[in-house]
Amino acid sequence: MIIKKLGKIDIVVFGSPCQDLSVSGKRGGLETIKEDTNHSSILFFEGLRVFRLAQKYCGARYMLWENVVGALFSNDGMDFAKILESMTGVEFEQTKIKWGTEGRVLGKDSMCEWAVLDAQWFGVAQRRRRVFALLDT
């Protein structure tokens, strides 16, 4: 496997396309993957797959995912629940979830913490809010 040749990896960082999760986008959510397996939303799961390989073969402990704030609200919060389930193994049984701008989920073997950050807080002359989710295994 090619990833083994990379050696020690501490963290895998990625973002995935936001069109299906964005308030200004299509709002199709992760459900669009069921209809179109080549859809851009599948790239979250591809990034997670790469992290799992880096974890297994290169000792990666952390994964950082970035996306639009709409990811918290898409599909009544269930898309973010699916993302957290995929990352931590924790299952959410509710049909509608309201996520805060900060939080954490503790799974059996991992923890995911997320926070909404805004570019204006870091010296950029624009308001650009993004959710960052950090998985610690």
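The values are calculated or read from the model by the stated rules, or taken from the named source; none is laboratory data. Keep in mind that what you see is a predicted model, and the values were worked out from it rather than measured. Please note: Cβ atoms are built from the backbone with ideal geometry, for glycine as well, and neighbour counts cover all protein chains shown. When the accessible area is computed, the model is the full protein with side chains, heavy atoms only, and any ligands, DNA or RNA have been set aside. Shrake-Rupley method; radii C 1.70, N 1.55, O 1.52, S 1.80 Å.
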Environment charge of residue 62, counting only residues whose C-beta is closer than 12 Å and scoring Lys/Arg +1, Asp/Glu -1: -2
The range 73-137, dipole about Cα centre (Lys/Arg Cβ +1, Asp/Glu Cβ -1), debye to the nearest 20: 360
Summed side-chain charge close to residue 96 - residues other than residue 96 whose Cβ falls under 13 Å, Lys, Arg +1, Asp, Glu -1: -2
Label zone at residue 94, where the point sits 7 Å out along the Cα-to-Cβ direction: the range 70-86 residues whose backbone N lies under 11 Å: 77-78, 81
Surface accessible to a 1.4 Å probe, residue 90 within the full protein complex, Å²: 40
Label-point gap, in nm, between residue 14 and residue 132 - each point 7 angstrom along Cα→Cβ: 1.9
Which listed pairs, of 56/82; 4/98; 4/82, have C-alpha distances above 32 Å, in listed order: 4/98
Sulfur and carbon atoms: percent of accessible area, the range 77-137 [1.4 Å]: 47
Distance in nm between pseudo-label sites at residue 56 and residue 106 (7 Å out along the Cβ direction from Cα): 2.9
Ranked by how many other beta carbons lie within 10 Å on average, peptides 51-60, 101-110 from highest: 51-60, 101-110
